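Novice: One structure is given below, represented as structure tokens, and several questions about it will come after.
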Amino acid sequence: MKIKHACLLLTLTMGALLVQGYHPWAEDAEIYLPGVEKILNPALFPFNTQFFASHASLTLFPNLIAASIRWTHLPFEIALFLWQLASMFLLLWASWELSAHCFPSLRARWGSVALLASLFTLPVAGTALYIMDQYINPRNLTAFAGVFAISSVLGKKYGRAALFLIFAAAIHPLMAVFAFSFCIVLALLPHLDRRYALLAAVLPFGFSGPTSTAYHQVALSHSYFYPMRWHWYEWLGALAPILILLWFSRVARWRGLRNLDLLCRAAVVYQVAYIPVALAVSIPARFESLARLQPMRSLYLVYILFFLITGGLLGEFVLKNRFWRWIALFVPLCAGMFLAQRALFPASAHIEWPAAAPRNSWVQAFEWIRGNTPTDAMFALDPYHMQIPGEDQNGFRAVAERSMLADAVKDSGAATMFPPNADEWLRQVQAQNDWQNFQLQEFRRLQSQCGVNWAVLQAPRRAGLTCPYRNSAVVVCRIK
């Protein structure tokens, strides 16, 4: 890549950051960051580590982030921010390289990466995923590795593709499976008899086992596991790209763009193969434990490729060299994505810069806890606290670096992905039933049953509790 193009991609990365924002502790950061923090300080999280360690045990992500912090001696928050910028830049770089295989002109390539960067936080239909999350996590890193691998296969550099796939598998094994299967389809499609295109659909059968009542209960709370429970518009978001890619394939043949045609057809075969897999493992009860593999997350790669191709075609045949057309498309598009992100995190700064004082009242309380409570403290919070208006889906463990009882939002993910955790998850969540009406007696019951000695409550405080910290939204109380 030329220096000029790298500088423009870096500029585009910063523009994407301004549109999508940055929220280092949000959503799945609650699953992945405690694993990093535990490596850096083994004394943290003496209780309930299974709700994040199960994920951490299957990936080198926490080891990679922790090692980079130890090697560079950077503060934790700055390191996370730089990793997020790096993941965004690398995905755009990979997209630029892949686009170069498909389109001969620079304007088409810039259309590809510009459209993708503008839509980083677009939801992927039915999967509870974004193209690029607003915080560093394993998916962000496997995204660029997967696109680089696809680009390498398209360029017939199979050894290079294998290296990227190995990296992806080390960081996020499940998402790497999708990248690997796409690369197989892309490599074999020119020689593949259509009778074998759906062979992968039968592979999961026979690898399921019985599940517990607790697992069944928590699995049903994740509707995106079960495509038959999707809304019509989610199915539209899953099927429409396939039909449009078929049309793009025809356009590519008309224009003599052989690699683009191959990429479009590979994306169609790949996704059509995964749909029956997803239906097969989500309908029969005996395959319930396989639904956690979420075959429809195959759409993640399809969305990246779909918008990369769409942007390239727009740049080549619609936007061309007309500056005002580029402005007319991307200014409203970026403005809409920006406003959507502000609505999603209304109580937080749009970009939560490292070392800046948090605006969010919940994060302020969590930071106070990190600096003013014992490392072995055990906390209880509303099990649905991440869904409370104003909390903005910030993870307690990730910010406070303290143990807590299982919650009903993110810890349920650990219970669905790792069935042995389901019974303990259900026991702890049920112990917090009717949380809004808890009084001193109920908190003491949690103390005796679960070892809880601190609680984070919505203001005002409850009678009989000593609460050394409070702000406009939250009080932190000790249970004695």
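The values are calculated or read from the model by the stated rules, or taken from the named source; none is laboratory data. Quick caveat, the model's predicted, so the values are computed rather than measured. Note that we place each Cβ from the backbone using ideal geometry, even for glycine, and neighbour counts take in every protein chain shown. Ligands, DNA and RNA are excluded from the accessible area calculation, which covers all protein heavy atoms including side chains. Shrake-Rupley method; radii C 1.70, N 1.55, O 1.52, S 1.80 Å.
Novice: Working only within the range 245-276, note down all residues that are within 25 Å of the chain's Cα centre (by Cα) and within 19 Å of Leu314 (Cβ to Cβ).
Specialist: Leu245, Leu263, Cys264, Ala267
Novice: Report whether or not Leu8 is open to solvent by 40 Å² or more (accessible area, probe 1.4 Å), part of a helix (DSSP H, G or I) and not charged (D, E, K, R).
Specialist: It is true that Leu8 is open to solvent by 40 Å² or more (accessible area, probe 1.4 Å), part of a helix (DSSP H, G or I) and not charged (D, E, K, R).
Novice: When you look at Leu90, is it out of contact with any Pro (no Cβ under 8 Å at 6 or more places or on another chain), closer than 24 Å to Met337 by Cβ and free of Cβ contacts under 8 Å to residues at least 12 places away in the same chain, yes or no?
Specialist: Judged against the criteria, Leu90 is not a match.
Novice: Whether any residue in the range 176-193 is of a type in the set (Asp, Glu), surrounded by 19 or more Cβ atoms within 10 Å (Cβ to Cβ) and not in a helix (DSSP H, G or I) is what I want to check.
Specialist: no
Novice: Right, something else. Please find, among Phe307, Phe379, Phe366, Phe338, the residue that is closer than 25 Å to Asn41 by Cβ and touching a helix residue (DSSP H, G or I) at 6+ places or on another chain (Cβ under 6 Å).
Specialist: Of Phe307, Phe379, Phe366, Phe338, the one residue that is closer than 25 Å to Asn41 by Cβ and touching a helix residue (DSSP H, G or I) at 6+ places or on another chain (Cβ under 6 Å) is Phe366.
Novice: Let me ask something additional. Which one of these is under 21 Å from Pro374 (Cβ atoms) and touching a Phe, Trp or Tyr at 6+ places or on another chain (Cβ under 7 Å): Pro46, Pro34, Pro24, Pro42?
Specialist: Residue meeting the stated conditions: Pro34.
The rows are residues; the columns are (1) part of a loop (DSSP other than H, G, I, E, B); (2) polar (S, T, N, Q); (3) more than 15 Å from the chain's Cα centre (by Cα); (4) on the phi < 0 side of the Ramachandran plot.
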position	(1), (2), (3), (4)
Trp71	no, no, yes, yes
Trp83	no, no, no, yes
Ser87	no, yes, no, yes
Trp96	no, no, yes, yes
Arg107	no, no, yes, yes
Trp110	no, no, yes, yes
Ala114	no, no, yes, yes
Asn140	no, yes, no, yes
Lys156	yes, no, yes, no
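Novice: For a quick check of your reading: which helices (runs of 4 or more DSSP H) sit entirely within the range 378-480 and have at least 2 residues that are open to solvent by 10 Å² or more (accessible area, probe 1.4 Å)?
Specialist: 411-417, 422-431, 440-450
Novice: Let me ask something additional. Let me confirm something: among Phe148, Phe164, which residue is touching a Leu at 6+ places or on another chain (Cβ under 9 Å), at pLDDT 95 or above, closer than 30 Å to Phe81 by Cβ and open to solvent by less than 70 Å² (accessible area, probe 1.4 Å)?
Specialist: Phe148
Novice: Inspect the range 95-104 for any residue being modelled with pLDDT of 95 or more, of a type in the set (Asp, Glu) and either surrounded by 20 or more Cβ atoms within 10 Å (Cβ to Cβ) or within 27 Å of Leu260 (Cα to Cα) (or both) and give the result as yes or no.
Specialist: Within the range 95-104, one or more residues are modelled with pLDDT of 95 or more, of a type in the set (Asp, Glu) and either surrounded by 20 or more Cβ atoms within 10 Å (Cβ to Cβ) or within 27 Å of Leu260 (Cα to Cα) (or both).
Novice: If you don't mind, there's one more thing I want to ask. If you check every pair at least six apart or on different chains, which have Cβ atoms under 6 Å apart with a residue in the range 439-460 that is closer than 12 Å to Cys477 by Cα first and a residue that is open to solvent by 40 Å² or more (accessible area, probe 1.4 Å) and at pLDDT below 90 second?
Specialist: Leu440/Gly464
Table: residues versus (1) open to solvent by less than 20 Å² (accessible area, probe 1.4 Å); (2) farther than 24 Å from Leu189 by Cα; (3) part of a helix (DSSP H, G or I); (4) modelled with pLDDT of 70 or more.
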site	(1), (2), (3), (4)
Pro276	no, no, yes, yes
Val281	yes, yes, yes, yes
Phe287	yes, yes, yes, no
Arg292	no, yes, yes, no
Leu299	yes, no, yes, yes
Ile304	yes, no, yes, yes
Leu308	yes, no, yes, yes
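Novice: For Glu77, work out the one condition from (1) outside any helix (DSSP H, G or I); (2) within 23 Å of the chain's Cα centre (by Cα); (3) not β-branched (Val, Ile, Thr) it doesn't fulfil.
Specialist: For Glu77, the exception is condition (1).
Novice: Condition check: closer than 23 Å to Met132 by Cα and in contact with a strand residue (DSSP E or B) (Cβ under 7 Å, 6 or more places away or on another chain). Does Gln387 satisfy that?
Specialist: Considered against the rule, which asks whether it is closer than 23 Å to Met132 by Cα and in contact with a strand residue (DSSP E or B) (Cβ under 7 Å, 6 or more places away or on another chain), Gln387 comes out as no.
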